[in-house]
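Visitor: Sharing a structure here in structure tokens format.
The values are calculated or read from the model by the stated rules, or taken from the named source; none is laboratory data. These numbers come from a predicted model, not from an experiment. Positions of Cβ are backbone-derived with ideal geometry, glycine not excepted, and every protein chain shown enters the neighbour counts. To get the accessible areas, we keep the full protein, side chains included, count just its heavy atoms, and leave off ligands, DNA and RNA. Shrake-Rupley method; radii C 1.70, N 1.55, O 1.52, S 1.80 Å.
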Amino acid sequence: MTTANDNNQEQLKAERHRARQQKLKAGVDAKIAAAQDEKGILLVLTGNGKGKSTSGFGTVARAVGHGKKAAVVQFIKGTWECGERNLLEGAGVEFHVMGTGFTWETQDKEKDTAAAEFAWEAAEKLLQDESIDCLMLDELTYMVSYHYLDVERVLSALKNRPPMQHVIITGRACHRAIIELADTVSEVQPIKHAFEAGIKAQQGFDY
């Protein structure tokens, strides 16, 4: 049987909850009111966990969904089919793919360096193109950490891009200078991965 005291306790809980939510809302509203600048965002998605490129492609898809023009340069990727590319190219997204695969597969630094240079030249042109609203540089971090690309050259291109152009950089072990330049940095950490349990990469889920 519910007593008057029980009702009072429930009412007090409801009032405390409402007060907490009002305080939370006031804080969020204040941050929204203070964030009035508009500029191109440099987003870095790094860390050893799965999902960095997937997240980046999600942002590209969001841009396209709003009628924005997007482009993707893929470093490290091989010639295998890419589900995101199949979808996004059909929506008008320009792709440039390095195409040599992983360095432990090629085992040819000279070939990899030349391929990286070719892909970066495409990236530099896109980083100068004011019509590109959103550019994804997938797995770019490896090109810098393996010294296939000079970090200062990369930084210069990023700094001098059109002011409203958004750029997404993905890959492990992002160079600290790129992290310092970035507006937003998210680190994806692994907890478990199916591959470690002997489960192979599967079409439509992993690629």
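Visitor: Helix-only mean residue ellipticity at 222 nm, the chain, DSSP H runs n ≥ 4 weighted -39,500 (n - 2.57), per residue, nearest 500. What is it? List each step's numbers first, then the result.
Guide: On the way: 8 runs with 95 residues, N = 207.
Counting only the DSSP helices, I get -14000 deg cm²/dmol.
Visitor: Turning to a different aspect of this structure: With point charges of +1 on the Cβ of Lys and Arg and -1 on the Cβ of Asp and Glu, referenced to the Cα centre of the chain, which listed residue (G83, G27, V151) lies farthest in the positive direction of the dipole?
Guide: Toward the positive end, the furthest listed residue is G27.
Visitor: Additional query: Within the chain, what's the longest run with no GluC sites (Glu not before Pro) in a DSSP loop and at most 12 other beta-carbon atoms within 10 Å? Give the range, please. Walk me through the intermediate numbers first.
Guide: On the way: sites that count: E38, E81, E130.
That would be 131-207.
Visitor: Continuing with the same structure: According to the square roots a ≥ b ≥ c of the eigenvalues of the Cα gyration tensor, what is the shape class of segment 93-207, taking rounded for a/c under 1.5, prolate for a/b larger than b/c otherwise, and oblate for the remainder?
Guide: Numbers: a/c = 1.66, a/b = 1.39, b/c = 1.20.
Judged from the Cα gyration tensor, segment 93-207 comes out prolate (a/c at least 1.5, a/b above b/c).
Visitor: Please give the charge dipole size of the chain, origin at the Cα centre, charges +1 on K and R Cβ atoms and -1 on D and E Cβ atoms. Round to the nearest 20 debye. Don't jump to the answer; show the numbers that get you there.
Guide: Working: 25 positive and 29 negative charges, 186 e Å.
The calculation lands at about 900 debye.
Visitor: If you count only protein heavy atoms with a 1.4 Å probe, what accessible area per residue comes out for the chain, rounded to a whole Å²?
Guide: On a per-residue basis, the chain sits at 63 Å².
Visitor: Ranked by accessible surface with a 1.4 Å probe, highest first, in what order do T141, T59 come?
Guide: Details: T141 5, T59 40 Å².
Most to least solvent-accessible, the answer reads T59, T141.
Visitor: Also: Given a cut-off of under 8 Å on Cα pairs at least six residues apart, what relative contact order in percent is computed for the chain? It would help to have the intermediate numbers written out before the result.
Guide: On the way: 299 pairs, mean separation 65.5, N = 207.
In percent, rounded to a whole number, it is 32.
Visitor: Please list, in order along segment 17-31, the HN-Hα scalar couplings obtained from phi with the Karplus expression 6.51 cos²θ - 1.76 cosθ + 1.60 (θ = phi - 60°), rounded to whole Hz, x for Gly and Pro.
Guide: Using θ = phi - 60°, the values come out as 4, 5, 5, 4, 5, 5, 5, 4, 4, 4, x, 5, 4, 5, 5 Hz.
Visitor: To the nearest 20 debye, what charge dipole does segment 145-207 have about its Cα centre, counting +1 at the Cβ of each Lys and Arg and -1 at the Cβ of each Asp and Glu?
Guide: Details: 7 positive and 7 negative charges, 17 e Å.
That gives segment 145-207 a dipole magnitude of about 80 debye.
Visitor: Need one number: the % of Cα-Cα pairs in the chain sitting beyond the 21 Å mark. Working shown, then result.
Guide: Details: 12948 of 21321 pairs.
I get 61 percent for the Cα pairs in the chain exceeding 21 Å.
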